[in-house]
Amino acid sequence: MKSIYVEFFSERDLYQAYMPFLKNGGLFYKTNSRFELGTEVMLEVSLPDALEHAEVKGEVCWLTPIGSQSGTPAGVGVSFVDDPELVKNQIEKYIARFLNSSDPTLTM
């Protein structure tokens, strides 16, 4: 299982990477590395102003290749599979004011 460390410095960055349309939540991770759909990963997530990172087991469910026509950065979407630290809930508290926004994100 591959480990991925992702750090968010602002609520806006977190909003742009969060994938609320997934049942258990998920995050988009900017990377030029190649991943296959279904790859299991361990996300180490550092939320804005957090003193420690949280870990979430996930699975690659979205691929944005290098040179995407939409101008979106290359990366992968990771759906949360095992979230013992309730990272999804923490994220949604951080970005509550953005959830109904029409601002573009890195996913949909």
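Figures for the structure shown
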quantity: log₁₀ of I(q)/I(0) at q = 0.09, 0.17, 0.19 Å⁻¹ - the chain, Debye sum with one point per alpha carbon; calculated: -0.20, -0.75, -0.95
quantity: Lys, Arg +1 and Asp, Glu -1 on Cβ, resulting dipole of the range 1-40 about Cα centre, debye, nearest 20; calculated: 100 debye
quantity: Most positive-pole-ward Cα, Met1, Ala54, Ser101, against dipole of the chain from beta carbon charges; calculated: Ser101
quantity: Solvent-accessible area per residue for the range 20-108 (1.4 angstrom probe, square angstrom); calculated: 61 Å²
quantity: Size of charge dipole - the chain - debye, nearest 20, with Cβ of Lys, Arg +1 and Asp, Glu -1, no other charges; calculated: 360 debye
quantity: Qualifying aspartates and glutamates (Cα of each under 13 Å from Cα of Lys30; at least 8 residues distant if same chain); calculated: Glu7, Asp13
quantity: Efficiency of FRET from Cβ geometry, Ser68 and Leu37, R₀ 25 Å, rounded to 0.05; calculated: 0.95
quantity: Carbon/sulfur fraction of accessible area - the chain, other protein chains in place, 1.4 Å, %; calculated: 48 percent
quantity: Amide H within-cut-off set for Met19, under 5 Å, with H built and near neighbours excluded; calculated: Gly26, Leu27, Phe28
quantity: Inter-part distance where the range 65-108 and the range 1-45 are each reduced to a Cα centre, Å; calculated: 7 Å
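The values are calculated or read from the model by the stated rules, or taken from the named source; none is laboratory data. None of these values were measured; they are calculated from a predicted model. Note that each Cβ is placed from the backbone with ideal geometry, even for glycine, and that neighbours are counted across all protein chains shown. We work out accessible area using only protein heavy atoms, side chains counted, and drop any ligands, DNA or RNA first. Shrake-Rupley method; radii C 1.70, N 1.55, O 1.52, S 1.80 Å.
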